[in-house]
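Just so you know, all these numbers are worked out from the coordinates, no wet-lab data involved. Here the structure is a predicted model, which is why all the values come from computation and not from measurement. Positions of Cβ are generated from backbone atoms using ideal geometry, with glycine treated the same way; all protein chains shown enter the neighbour counts.
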Amino acid sequence: MNRVERKANFRGPETANKLSYLMLSPYVMLFITFIAIPVLLAIALSFTHFNAIERPEFSGVFNYVMLLTQDTVFLRYVLPNTVMFSVIVGPGGYVLSFLMAWILTQIQRGPRTILSLILFTPSMVGSVFVSVVWGTLLSGNEAGYVNAFLLRMDWINEPIQFLLSPDHLMTVVIVVSLWSSMGIGFLAMLAGILNVNKDLYEAAYIDGIKNRFQEIIYVTIPSMKPQMLFGAVMAIVSAFNTGWIGVALSGSNPTPQNAAQLLINHIEDYGFQRYEMGYAAAVSVVLLGIIAGFSKLAYGLFSEKPERREV
């Protein structure tokens, strides 16, 4: 090997590394600009009193102390509502997405494409569409389809205020959230199931698997752990960021008697209506910590663990 070839081979990996960094630079710039810097600013503002007009004043951990000891709305309504909502909608939407994805893989490609689009559409629509569709169905007078049906069947004597009553609003929000939970995580699971090697199923039945449930547990899920991880993270993020549904349906923030008030609604209430930006930043940091913790749990459950080699 001559000197020129040795020089080219020596510079090869270095050139490839520089090219990789160049290709990654747009993503890094966007990540720093729209994620890293806002998160750092939110953390910094959470230790200040800031009304969006005057200069921020450092207040230490005052906002966090107020949140955990003096904010009665947070302690009495927001925290319990968020826990209940996330426990039901997060795992519920995740399991529902997987089941619907698995069911769709059992049918032909044409109907599967149409049904996938139908299931995915609710996750793309905004608050206006949700308000029109579910507001019409659950309107609090005789014109609402649900109330009209119940009155016609003589099951109720007067219309039920589904969207204003604290006894029903949270239930409605949970149902609508599950209805719109077939998002990008659902498509990832669908793709993952479709790409599982079919030979694995044949080998599994030879090894003793007897039914479709065992097929899912021992073959399908272990073969699509990256998609399961992605779907879990998306379900967690969605569960903590769909508070807009209660506001869209009830038409107010806070929701009536704080019946469907979630952490994200609490942030918007203090940040964009009361202009207590420092306090809103503190609540957002708490929400970020919760999402990060659950995402870490999902990563531990579904990430590929490196194999240990015996020496």
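General remarks:
- Footprinting exposure proxy for TYR205, TYR64 (fewest neighbouring C-beta atoms within 10 Å first): TYR205, TYR64
- For SER180, distant residues with modelled amide H under 5 Å away: none
- Sequence of TYR27, TYR299, TYR77 once ranked by neighbouring C-beta atoms within 10 Å, starting from the fewest: TYR27, TYR299, TYR77
- Once both labels are positioned 7 Å from their Cα atoms along Cα-to-Cβ, the gap between LEU30 and LEU117 label points is 2.6 nm.
- From the coordinates of this entry, semi-axes √(5λ) of the Cα gyration tensor in Å is computed, and it appears in [x] 41, 34, 18; [y] 30, 22, 18; [z] 53, 35, 13 under the label [x].
- For THR48, the residues 5 or more places off, or on other chains, whose built amide H falls under 5 Å of its own are SER59.
- Taking all Cα pairs closer than 8 Å and separated by 6 or more residues, the relative contact order of the chain comes to 26 percent.
- Span-like helix check, the chain: qualifying full DSSP H segments, with Cα axial length of 20 Å or more and mean Kyte-Doolittle of -1.0 or more, are 3-31, 79-104, 109-124, 225-240, 277-302.
- Tally of Lys pairs whose C-alpha atoms are under 22 Å apart, taken over the chain, 8 or more apart or cross-chain: 6
- When trypsin sites (Lys or Arg not before Pro) are flagged only if DSSP places them in a loop and at most 16 other Cβ atoms lie within 10 Å, the longest unflagged stretch of the chain comes out as 1-209.
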